[in-house]
Amino acid sequence: MSAARERLLDTATRLFYAEGIHTVGIDRIIAEAGIAKATFYRHFKTKDDLVVAYLTREYDRQRTALAQLPGAGVANIEAVFEQLGAISCGPGFRGCPFLNAAVEFADPAHPVRAVVDDYRDWFRELMAEQLRAAGHENPDRAARALLLARDGVAVSGGLADEETVRAGIRAALAQLGTR
């Protein structure tokens, strides 16, 4: 990845997450990244392409982070939700970038929504795999409940509602029969 493309993505990530995607214009991203407009268009044909790259990068970051968590089966799911809780209650948390983007892009056929859907499918399947490894009686149903809990934890964290974040984590872990 070129240094200019990296600066564009870093700047877009910071601004999109802090202020929202539709409120941040390309000219501002270009100015804050310190690149020429032609350089932007050499890397991204449209703002939507930049948004897709931003979400794809976040998706990759989250896959890598969750793959590094300890344990397997139930222990791994507990680690995932403990990490999610810590991040959701941490400083600067403004919600899930995927859910935030989905709110801004209502058309389910939009390329941004495709990345959001892919991320959510991945998370649900990750949970189902861990549940299967733990011998859960209905891993697909429980994985959907865990996805719902993840979404609720992320939204509650974005609203700085730490008590509901903790309740969401307890609800998620109750799906596992551990708490």
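Laboratory data are not the source of any read-out in this text; all were calculated from the coordinates shown. Because the structure is predicted, anything quoted here is derived from the model rather than measured.
Things to note:
- When Rg and the Kirkwood radius Rh are both evaluated on Cα atoms of the stretch 94-146, their ratio Rg/Rh stands at 1.10.
- Separation of alpha-carbon centers, the stretch 108-136 and the stretch 138-179, rounded to whole Å: 15
- Cα-based convex hull, the stretch 6-70, per residue volume (Å³, whole number): 82
- Under the Debye formula (equal points on every Cα, no solvent term), log10 I(q)/I(0) of the stretch 49-179 at q = 0.11, 0.16, 0.21 Å⁻¹: -0.37, -0.80, -1.30
- With all projection directions averaged, the alpha carbon convex hull of the stretch 102-179 covers 5.6 nm².
- Debye log10 I(q)/I(0) at q = 0.12, 0.15, 0.18, 0.21 Å⁻¹ for the stretch 1-109, Cα point scatterers: -0.50, -0.73, -0.95, -1.14
- The angle between the Cα long axis of helix 3-19 and the main principal axis of the chain comes to about 60°, on a 0 to 90 degree scale.
- Computed from backbone phi, the HN-Hα couplings of the stretch 126-131 come to 4, 5, 4, 4, 5, 5 Hz, rounded to whole numbers (Karplus: 6.51 cos²θ - 1.76 cosθ + 1.60, θ = phi - 60°; Gly and Pro given as x).
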